[in-house]
1. With the requirement that a residue be of a type in the set (Lys, Arg) and not in a helix (DSSP H, G or I), what does segment 220-276 give you?
2. Let me spell it out: the conditions are (1) within 16 Å of the ligand (Cβ to nearest atom); (2) in contact with a Lys or Arg (Cβ under 6 Å, 6 or more places away or on another chain); (3) open to solvent by 10 Å² or more (accessible area, probe 1.4 Å), and residue 155 meets all of them except one. Which number is the exception?
3. Go through the residues of segment 11-20 one by one and say whether even a single one is open to solvent by 50 Å² or more (accessible area, probe 1.4 Å), more than 23 Å from residue 174 (Cα to Cα) and in contact (Cβ under 8 Å) with a residue 60 or more places away in the chain.
4. I'm checking my understanding of the structure. Among residues of segment 201-222 that are open to solvent by less than 20 Å² (accessible area, probe 1.4 Å) and of a type in the set (Gly, Ala, Ser), which one is farthest from the ligand (Cβ to nearest atom)?
5. Have a look at 91, 80, 120 and point out the one that is open to solvent by less than 70 Å² (accessible area, probe 1.4 Å) and part of a loop (DSSP other than H, G, I, E, B).
6. Any residue at all in segment 61-77 that's farther than 20 Å from residue 210 by Cβ, open to solvent by less than 60 Å² (accessible area, probe 1.4 Å), outside any strand (DSSP E or B) and among the polar types (S, T, N, Q)?
7. Residue pairs, Cβ under 9 Å, 6 or more apart or interchain, first in segment 154-176 and on the phi > 0 side of the Ramachandran plot, second assigned to a strand (DSSP E or B) and more than 14 Å from the ligand (Cβ to nearest atom). List them.
8. Can you find, within segment 223-248, the residue that is least open to solvent (accessible area, probe 1.4 Å) among those that are at pLDDT below 95 and more than 17 Å from the chain's Cα centre (by Cα)?
Amino acid sequence: MTQEQEKAAQEFYEENGYWVSDIVFTAEEVAEMRAAHDRIWTLDYDGDGFPLWEWKPDDKPNRLRKIDNAWWINDVVKNAVTSPKLGKLAANLMNSEEARVWYDQVIYKPGTGKGEQTSAGNVGWHQDYMYWQCTDTTNLVTAWVALQDTDLNNGCMSVIPGSHKWGLLNSDGFFNEELEAVKRQMEVEAKPWREEPLILKAGQVSFHHSLTIHGSRQNFSNDPRLCVVGHYFPKGMAYEKKQNVDNIRLLGPRPKQGDLFNNEYFPLAYSASEQA
Ligand SMILES: [Fe+2]
């Protein structure tokens with residue numbers, strides 16, 4: 001991107017709390033990430049890592065599948081979420097010289113076909129920072145990589161533009177499939193609520209701020225809706241003791257307030273100084 005385009009992206013993101021890139025990953029790279037999904041869901045791992053949140057097969061075909069820290073056990077996911085091309089876009093939106101990986105998610109939303117309406121597989125309205133209150137900044141950004149053309153028919157994510165300026169709300173909604181109930185819980189009646197569906201081509205990436213409200217509904221297609229998600233944080237982010245979050249453990253056996261998240265569990269996806 002040119003400097004002007006980077007500036008325009010920053011301004012849009014600052015105003016709206018999200019931004020959508022052009023195609024970032026080629027068709028070949030998308031195919032590799034789709035194949036990575038197949039391997040992950042059959043527990044075919046690269047190496048002997050233990051992701052903190054690991055998906056286990058079960059007998060509920062309509063349930064959303066999600067694994068966190070998939071980069072620990074899959075080389076393709078590792079290369080994607082630590083890639084400088086994703087990192088640079090994230091660093092630009094955070095207005096930071098660096099982007100480090102906070103963690104990743106690999107998500108499979110099953111397709112139900114055109115049949116009955118169901119809330120199974122929905123992702124309830126939430127702000128990512130609800131789960132991340134161990135950091136001294138809310139300036140984190142999530143990159144959502146589409147691995148197929150994605151729209152409302154196959155359960156695309158929607159964001160509430162501007163909601164990153166509403167502060168941290170009362171919702172623990174990711175696994176709550178009843179979106180209207182979560183919305184009531186958030187007490188946003190007085191806010192300008194508008195749902196913006198993020199319609200993406202395969203290989204395109206949407207980015208959202210850690211306080212931007214987002215969620216997704218049913219996948220009416222016959223195919224699963226697949227994505228790889230990278231969460232990024234800016235240079236100098238430190239531990240602040242507000243909430244017990246798994247990532248604190250990755251600081252080592254004796255974490256203390258003020259410790260920088262900068263060890264090998266938080267790889268540098270992009271650094272302006274290394275590019276110079
Ligand atoms: Fe999220």
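1. Narrowing segment 220-276 to residues of a type in the set (Lys, Arg): 225, 235, 241-242, 249, 254, 256.
Correct list: 225, 235, 241, 242, 254, 256.
2. With (1) within 16 Å of the ligand (Cβ to nearest atom); (2) in contact with a Lys or Arg (Cβ under 6 Å, 6 or more places away or on another chain); (3) open to solvent by 10 Å² or more (accessible area, probe 1.4 Å) applied to residue 155, the lone miss is (3).
3. Checked segment 11-20: at least one residue is open to solvent by 50 Å² or more (accessible area, probe 1.4 Å), more than 23 Å from residue 174 (Cα to Cα) and in contact (Cβ under 8 Å) with a residue 60 or more places away in the chain.
4. 203
5. On the way: 91 fails: part of a loop (DSSP other than H, G, I, E, B); 80 fails: part of a loop (DSSP other than H, G, I, E, B).
Answer to the selection: 120.
6. yes
7. 155/219; 155/225
8. Filtering first and then ranking leaves 243.
The values are calculated or read from the model by the stated rules, or taken from the named source; none is laboratory data. What you see is a predicted model, and the numbers here were worked out from it, not measured in a lab. In this analysis, Cβ positions are derived from the backbone assuming ideal geometry, glycine residues included, and neighbour counts consider all displayed protein chains. In case anyone asks, the SASA skips ligands and DNA or RNA and just uses the protein heavy atoms, side chains included. Shrake-Rupley method; radii C 1.70, N 1.55, O 1.52, S 1.80 Å.
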